[in-house]
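A.B. asks: Take this structure first; my questions come after.
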Amino acid sequence: MELDHTSQLIAACRRGDELAIEQLVRQYETGVFRLALSVLDDPVEANEAAQDAFISALNALERYQDHSTFKAWLYTITLNTCRSRLRKRRTVEKLRQTLIGIFRVQSQKQASPEDAAIQNEKDAALWKAIQSMDEKHRLPLVLRYYHDLPTAEIAHILNVNEGTIHSRLHNGRERLRLALEPLTGVEK
């Protein structure tokens with residue numbers, strides 16, 4: 001049913017229906033912004049990247065084919081827009097701040113200041129482990145566990161085989177486990 005609604009919106013957007021364009025943007029704007037923010041860690045730049053991604057997507061809408069979900073296609077455009085911005089900045093430091101901010105929000109749900117301090121230490125260690133990874137392992141982890149995308153969509157977004165994503169996720173989790181072993185006290 002959801003797929004049919006999106007297909008109908010896309011068809012209306014292709015005909016130039018401004019209301020349909022607005023509805024399509026509203027339907028995906030939060031996810032696109034969150035993805036841009038998780039990559040760029042600058043709300044203003046993420047907002048600009050999200051707008052650029054929507055403009056690019058709407059301009060390329062005639063080339064969209066139903067062989068992938070619209071969400072995966074749109075996230076691919078968003079990710080490419082963000083990568084372009086990162087190349088221009090020549091830094092990944094902003095991504096670090098986003099992940100720390102994400103984990104800080106999660107850690108605020110703790111029951112006591114001591115728990116929050118412990119969680120902040122764990123978050124910093126997790127970020128350090130994620131930051132030490134190359135992009136090919138870091139991006140699948142972010143897309144899978146922060147954006148809750150299935151591996152098939154991640155494979156489409158990153159333009160690699162689904163088996164490769166499974167492998168990268170497995171390797172990434174293993175790297176995180178090894179890096180965080182001293183904090184958890186759990187050894188394999």
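The values are calculated or read from the model by the stated rules, or taken from the named source; none is laboratory data. Bear in mind the structure is a predicted one, so any value in this text is a computation, not a measurement. Cβ atoms come from the backbone with ideal geometry, glycine included; neighbour counts cover every protein chain shown.
A.B. asks: Spot the failing condition for Ile10; the list is (1) touching a Pro at 6+ places or on another chain (Cβ under 9 Å); (2) touching a residue at least 60 places away in the same chain (Cβ under 8 Å), and only one is missed.
C.D. replies: (1)
A.B. asks: Having 1 or more residues that are modelled with pLDDT of 85 or more and under 29 Å from Ile77 (Cβ atoms) is the bar; report the helices (runs of 4 or more DSSP H) wholly within region 111-188 that clear it.
C.D. replies: Numbers: elements: 113-131, 135-141, 151-158, 162-184.
In region 111-188, 135-141, 151-158, 162-184 are the helices (runs of 4 or more DSSP H) which contain 1 or more residues that are modelled with pLDDT of 85 or more and under 29 Å from Ile77 (Cβ atoms).
A.B. asks: If you take the residues of region 40-78 that are in contact (Cβ under 8 Å) with a residue 60 or more places away in the chain and out of contact with any Phe, Trp or Tyr (no Cβ under 8 Å at 6 or more places or on another chain), which of them is surrounded by the most Cβ atoms within 10 Å (Cβ to Cβ)? Walk me through it before giving the result.
C.D. replies: So the first thing to find is which residues in region 40-78 are in contact (Cβ under 8 Å) with a residue 60 or more places away in the chain, and the list is 41, 68-73, 75-76.
Of the ones still in play, those that are also out of contact with any Phe, Trp or Tyr (no Cβ under 8 Å at 6 or more places or on another chain) are 41, 68-69, 72, 75-76.
Values: Asp41: 20, Ser68: 17, Thr69: 17, Ala72: 18, Tyr75: 27, Thr76: 18.
The selected residue is Tyr75.
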